[in-house]
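Novice: This is the structure I have questions about; it appears just below.
The values are calculated or read from the model by the stated rules, or taken from the named source; none is laboratory data. None of these values were measured; they are calculated from a predicted model. Note that we place each Cβ from the backbone using ideal geometry, even for glycine, and neighbour counts take in every protein chain shown.
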Ligand code: GLU
């Protein structure tokens, strides 16, 4: 059996592929030359499993998606109180490059707009750090988050520096109010190099999954940020990550997110997944057109709105027993995306007997995607030649049509197992 999740992602890409609305950003000469048709999506679970499709090995500059991670680095290095002295956490409702400060405190409103991001960049590695050392340090942190060595696209950076008048005015404004101490040119160079770090969607999904996972990279198991830092960074993403569309985004899609002008978009579902899309054409707010579409579909179809309450459990498989030609899998709790992924991965890793029985006696319910993935898994097992059966005394999985009009055998008695020793504990 193949994992159906990658197939779902492929289907979603097919659904949005023909949408050529929007334009690539052209205020940076190198960005204007981007191939507008690139399209990719990656999803990394907090168990460390990556599902990815499309142009997922193409590198592009991280741009504003660097902002939540740079913010998390500053929080980790200095603590929330110190960082909050120079940048607030209120959504500004303004464009990303607005020349504005909080009227009462003179701080930038939040770290997701350029004024806040330039101020945050200046905190990393100490405010007296050289540009060189600061950027090296940021690249090191980002590389740990992505689980591989990243680098700055110097040519791209120079192309942006040549047209960076607006960011320079922001830096002069920050200096005027004592928010940054460094020379304005150096501050913008440091920030622009941060924005010019090259990443793929796979890198971004892993970086997002790390903050969704309380700061531990789920693939390398590197402890990078404290849980409170990860939570804080995601909270500010949720309220201010989508430029001046942030409020509508949170209500409609409900996934903490950050977009960048090169067409990347990341999102986090705390405790579940980090995800990323890449599609360079942007909408009026500067967000990737098809990226927004993909996230909207994922949110709706896969039940990923943060405000949905699924009552999740960590281990969906209570017991796993293979004897006398049957594999009996006893499930428990609420079966959502993460739980169903966990169950099917177990089914892929373990040797299954001819007959596969799911005991749903202890299952409290399925959400839409949990139901869809389990039924699809059963359909694929049937196609692989297994006989499938369900024990569902409380009817938590009504009408278990496998999608092709066939049904698993419905048991009226609880499947009997002689041993409760073998447990599957895939992370
Ligand atoms: N380098 C870009 C700038 O500061 C980042 C903007 C973005 O991705 O939104 O103008």
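Novice: For residue 83, work out the one condition from (1) away from the ligand (no atom under 16 Å from the Cβ); (2) closer than 21 Å to residue 268 by Cα it doesn't fulfil.
Specialist: So the condition that residue 83 fails would be (2).
Novice: Let me ask you something else. Given the criterion over 23 Å from residue 112 (Cα atoms) and at pLDDT 90 or above, identify the matching residue among 265, 282, 331.
Specialist: Residue meeting the stated conditions: 331.
Novice: Checking the condition more than 12 Å from the ligand (Cβ to nearest atom), modelled with pLDDT under 95 and either surrounded by fewer than 16 Cβ atoms within 10 Å (Cβ to Cβ) or under 28 Å from residue 32 (Cβ atoms) (or both), which residue from 146, 184, 162, 205 passes?
Specialist: It is 162.
Novice: Residues of segment 233-245 being within 16 Å of the ligand (Cβ to nearest atom) and under 20 Å from residue 75 (Cβ atoms), which ones?
Specialist: If the condition is that a residue be within 16 Å of the ligand (Cβ to nearest atom) and under 20 Å from residue 75 (Cβ atoms), then 236, 237, 240, 241 are the ones that fit.
Novice: Residue by residue through segment 103-137, note down the ones that are within 16 Å of the ligand (Cβ to nearest atom) and over 19 Å from residue 152 (Cβ atoms).
Specialist: 108, 109, 110, 111, 112, 113, 115, 116, 119
Novice: Do you know which residues across segment 251-302 are touching a residue at least 24 places away in the same chain (Cβ under 8 Å), part of a helix (DSSP H, G or I) and surrounded by fewer than 24 Cβ atoms within 10 Å (Cβ to Cβ)?
Specialist: Within segment 251-302, 252, 289, 293, 296, 297, 299, 301 meet the criteria.
Novice: How many residues are surrounded by 18 or more Cβ atoms within 10 Å (Cβ to Cβ), without any contact (Cβ under 8 Å) to a residue 60 or more places away in the chain and within 15 Å of residue 355 (Cβ to Cβ) when one looks only at segment 315-328?
Specialist: Number of matching residues: 1.
Novice: Tell me, which residue of segment 1-34 that is within 15 Å of the ligand (Cβ to nearest atom) and part of a helix (DSSP H, G or I) is farthest from residue 294 (Cα to Cα)?
Specialist: 29
Novice: Right, another one. Going through segment 187-202 one residue at a time, which ones are more than 15 Å from the ligand (Cβ to nearest atom) and in a helix (DSSP H, G or I)?
Specialist: Residues satisfying the conditions are 201, 202.
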